[in-house]
Amino acid sequence: MRQYRCAAKAHGRTCAKPAYVVANPVDAYVEREFLAAAGNREIIEVVSIPAIDHSGEIAELEDEVRELAGQLCKLRGPAADAVGGMLQSRSDRLERLRAAPIVSARTKRIRTGVDHAEKWASAESADRHQMLLHAGVRVEVGQTTRGARDVEGRLSFTIGDLCPSVAEVSRSRRAGRS
């Protein structure tokens, strides 16, 4: 029988009364709460687009062009032709890089057309776990009271912000939890 246990020790904390709970009711609760909070929301993929800045390469090319130009005036014949070709190649590249704009790093949000419920239905267990982590889901299990068997009564569920316009959603079945 799978169980979840207090993870305080793994996070460098101590727990006076570590709790264990059977996994199946927790899994069912998390699935229900996650789909209620996020199921109908479209999945938005965030893609990082790196910066484009050729400043370092431009500086190197400028140094190479100066060095090659200095060598060219000392050479004749085939050596001068070879250095002249190298100088022209570097100068052409330098001109193209100077004309290229500097672009800051940014992120782009891409609509997928798929909501969380659709992805959840087709996902394997490990993928579902990643969905929960990515959404910032946190489930806390309160301590049991003597003789109490109500697992869901001890659970609280929070989910992070799935998109910029959505405030944190917090649900709790236990009085006094937020």
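Miscellaneous remarks
- Degrees, to the nearest 10: 23-38 long Cα axis against longest axis of the chain: 60 degrees
- With N the number of residues in the range 64-128, Rg(Cα) / (2.2 N^0.38 Å) evaluates to 2.49.
- Dimensionless Rg/Rh of the chain - Kirkwood Rh, Rg from C-alpha atoms: 1.37
- For the chain, the mean residue ellipticity at 222 nm estimated from helices alone is -13500 deg cm²/dmol, where every DSSP H run of n ≥ 4 contributes -39500 (n - 2.57) and the total is divided by all residues, rounded to the nearest 500.
- Straight-distance candidates among the lysines for linking to residue 108, with alpha-carbon spacing under 27 Å and chain neighbours fewer than 8 residues away dropped: 119.
- Each residue in 103, 137 was given a count of other beta-carbon atoms within 10 angstrom of its own, and listing them fewest first yields 103, 137.
- Projected onto its three principal axes, the C-alpha set of the range 55-99 covers 33, 14, 10 Å, listed from the longest axis down.
- Label point distance in nm, residue 143-residue 161, each placed 7 Å from Cα along Cα→Cβ: 3.5 nm
Computed from the coordinates by the stated procedures, all read-outs in this text should not be read as laboratory data. All of these numbers come straight from a predicted model, not from anything done at the bench. Reconstructed Cβ throughout: ideal geometry from the backbone, glycine too, with neighbour counts over all protein chains shown.
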